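Before any comments, here is the structure.
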Amino acid sequence: MSSGSEPAAEGGVFRLVVAEDAYLIREGIRNALEHEKQEVEVLEYCSDLGSLLRAVETHEPDVVITDIRMPPTSTDEGIQAAATLRESHPDIGIVVISQYVSPHYALWLFQEGSAGRAYLLKERVGHRIQLMEAIRAVASGGSVVDPKVVDVLVEARMRARNSQLGQLTKREREVLAGVAAGQSNAAIAESLFLTKRAVEKNINSIFSKLDLTDDNNVSRRVRAALLFLAEPDAEVGSEAVEAESEG
């Protein structure tokens, strides 16, 4: 999915900085862009976040192509770079490439606006037509989202819409997170600055909204914790459920 019109780059050439630490992927990008010399000029290839930001300061390119995961931490450096450059160089287009279909990263990339931003899977890098479409789009202030990422975002939204937990209030979700973490009512009350009675009231409301009735085999707390842990965004380990079942 893309938006934006094709720009007229200065001199008809887009000036690029590329950041990718994986040799094979970097060479794949190099090979794809070698066939587009009349339209692109690669000013520098970088392999980590620091060298990418320095290269941008030195060259002030039209477009940056960056991997999501690079040194020093190999977590979200590409997203960090996009956020930093939105503040320091808002006119530079950013094409983020990823090996993974990650709604979390895509939403983070676009949370401050989609203008001049593209999110592509690395499998597209070898297809220079698709890569060039993304470069042209972000250089003109448009945006591109890989179709596979769109599919996952739609699926995630549908899951959230149909989730049983969607009917819980924010406070009830916070209490349920404590339950899933294996905390006692007293511990939940202390962490959320509530009275123990207020926690009990929220838990009873949770049981009611989730239609959890007494079961001789599995307690309602355990079943509520399992529902929470089944959510895509849950960040509590499964050991919490074990702790609940032992209690």
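For this structure, a couple of remarks:
- Cβ-Cβ under 8 Å pairs, at least 6 apart or on other chains, segment 178-204 side within 21 Å of ARG223 (Cα to Cα), far side of a type in the set (Ser, Thr, Tyr): GLY178/SER191; GLN183/SER191; ALA189/THR195
- All positions within segment 87-122 that are open to solvent by 30 Å² or more (accessible area, probe 1.4 Å) and in contact with a Gly (Cβ under 6 Å, 6 or more places away or on another chain): ALA115
- Segment 32-45: number of residues that are over 18 Å from ALA139 (Cα atoms) and over 28 Å from the mean Cα position of the chain (by Cα): 2
- Evaluation of GLY11 against the conditions (1) at pLDDT 90 or above; (2) open to solvent by 30 Å² or more (accessible area, probe 1.4 Å); (3) not in a loop (DSSP other than H, G, I, E, B) shows that the sole unmet condition is (1).
- Taken over segment 31-58, the residue count meeting the criterion of being over 23 Å from TYR100 (Cα atoms), touching a strand residue (DSSP E or B) at 6+ places or on another chain (Cβ under 7 Å) and open to solvent by less than 50 Å² (accessible area, probe 1.4 Å) is 6.
- Qualifying residue in segment 230-238 (condition: modelled with pLDDT under 80 and buried (at least 20 other Cβ atoms within 10 Å of the Cβ)): no
- Candidate set from segment 187-210 (those that are part of a helix (DSSP H, G or I) and hydroxyl-bearing (Ser, Thr, Tyr)); member that is least open to solvent (accessible area, probe 1.4 Å): SER205
- Contact map, segment 12-29: first residue of a type in the set (D, E, K, R), second residue assigned to a strand (DSSP E or B), Cβ cut-off under 6 Å, separation 6 or more or different chains; pairs are ARG15/GLU41; ARG15/LEU43; GLU20/ASP67.
- For THR75: the one exception among (1) open to solvent by 70 Å² or more (accessible area, probe 1.4 Å); (2) at pLDDT below 95; (3) polar (S, T, N, Q): (1)
- If you go through segment 99-147 and pick out every residue that is under 19 Å from the mean Cα position of the chain (by Cα) and among the charged types (D, E, K, R), you end up with 6.
- Annotation note: of ARG173, ARG136, ARG124, the sole residue that is farther than 23 Å from PHE110 by Cβ and at pLDDT 75 or above is ARG173.
The values are calculated or read from the model by the stated rules, or taken from the named source; none is laboratory data. Note that the structure is predicted; figures quoted are calculated from it, not measured. Every residue, glycine as well, gets a Cβ built from its backbone with ideal geometry; the counts of neighbours run over all protein chains shown. Please note that ligands, DNA and RNA were not included when accessible areas were found on the heavy atoms of the full protein model with its side chains. Shrake-Rupley method; radii C 1.70, N 1.55, O 1.52, S 1.80 Å.
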